[in-house]
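Read through the structure below, which is laid out as structure tokens, and then see the notes.
The values are calculated or read from the model by the stated rules, or taken from the named source; none is laboratory data. Because the structure is a prediction, the values reported are computed rather than measured. No Cβ is skipped: glycine too gets one built from the backbone with ideal geometry, and neighbour counts run over all protein chains shown.
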Amino acid sequence: MLFASPRTSPVYPYTHFGGNIYFINTSSHGLYFDIDIIDKPEGGFNNNRLCLEKEDIVLRQHIFIVHNSQVNYFNRNIADPNNHFKKITIYDTDSGSLIKEILPGSILFVLKTGSIENNTAVFTAVIDDSFLSEGQQ
């Protein structure tokens, strides 16, 4: 009779930062996001386009994988998705018209639970009609 030793996966020397982002569209519009991501983001949210129909909830991961030897040098500020973008432009999917531009310094993503330190953060971006009309002329 042959006995095999249990095989275990190697421990990878990496730390994960960030978490998940839920984009929630409760507005009366279908929305198209054009997202301008910071230069050399080192990971995180890497899709620069997103389409949300009315009542859609879309999950995107916002993850940074950092080698343990570099953890002390990692800029944790970019693990906050509010600091990960240069500009977000939102269009109406039906008409193609510009609805809103979100500039740096704006808070779109709200941390609901967890921490960016151990990759358990859950952020939400709730897009409703009042948010879309804020700051509009």
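Counting the residues of the range 97-108 that are modelled with pLDDT of 95 or more and outside any strand (DSSP E or B) gives 1. Inclusion of Leu59 among residues that are within 22 Å of Glu117 (Cα to Cα), assigned to a strand (DSSP E or B) and free of Cβ contacts under 8 Å to residues at least 40 places away in the same chain is warranted. Taking every residue in the range 93-112 that is over 12 Å from Pro81 (Cβ atoms) and pairing it with any residue that is among the aromatic types (Phe, Trp, Tyr), at least 6 positions away or on another chain, the pairs with Cβ-Cβ distances below 7 Å are Thr93/Tyr32; Ser97/Tyr91; Leu98/Tyr91; Ile99/Tyr91; Lys112/Phe123. The residues in the range 76-120 that are more than 17 Å from Ile38 (Cα to Cα) and β-branched (Val, Ile, Thr) can be counted, and the count is 7.
When each of Phe3, Phe45 is tested for being in a loop (DSSP other than H, G, I, E, B), in contact with a Lys or Arg (Cβ under 6 Å, 6 or more places away or on another chain) and either modelled with pLDDT under 90 or not hydroxyl-bearing (Ser, Thr, Tyr) (or both), the lone residue that passes is Phe45. Can you say whether Ile88 is of a type outside the set (Gly, Ala, Ser), part of a strand (DSSP E or B) and in contact (Cβ under 8 Å) with a residue 60 or more places away in the chain, as far as the supplied structure shows? Against the criterion (of a type outside the set (Gly, Ala, Ser), part of a strand (DSSP E or B) and in contact (Cβ under 8 Å) with a residue 60 or more places away in the chain), Ile88 does not qualify. Residues in the range 115-137 that are surrounded by 13 or more Cβ atoms within 10 Å (Cβ to Cβ), at positive phi and either over 14 Å from the mean Cα position of the chain (by Cα) or assigned to a helix (DSSP H, G or I) (or both): 0 in all. Could you grab me the full set of residues in the range 53-78 that are among the aliphatic types (A, V, I, L, M), modelled with pLDDT of 90 or more and either touching a helix residue (DSSP H, G or I) at 6+ places or on another chain (Cβ under 9 Å) or surrounded by 12 or more Cβ atoms within 10 Å (Cβ to Cβ) (or both)? Scanning the range 53-78 gives Ile57, Val58, Ile63, Ile65, Val66, Val71. Here Phe109 clears all of (1) surrounded by 12 or more Cβ atoms within 10 Å (Cβ to Cβ); (2) out of contact with any helix residue (DSSP H, G or I) (no Cβ under 9 Å at 6 or more places or on another chain); (3) among the aromatic types (Phe, Trp, Tyr) except the condition numbered (2). Note on the range 85-128: residues that are touching a strand residue (DSSP E or B) at 6+ places or on another chain (Cβ under 7 Å), among the charged types (D, E, K, R) and within 12 Å of His29 (Cβ to Cβ) amount to 2.
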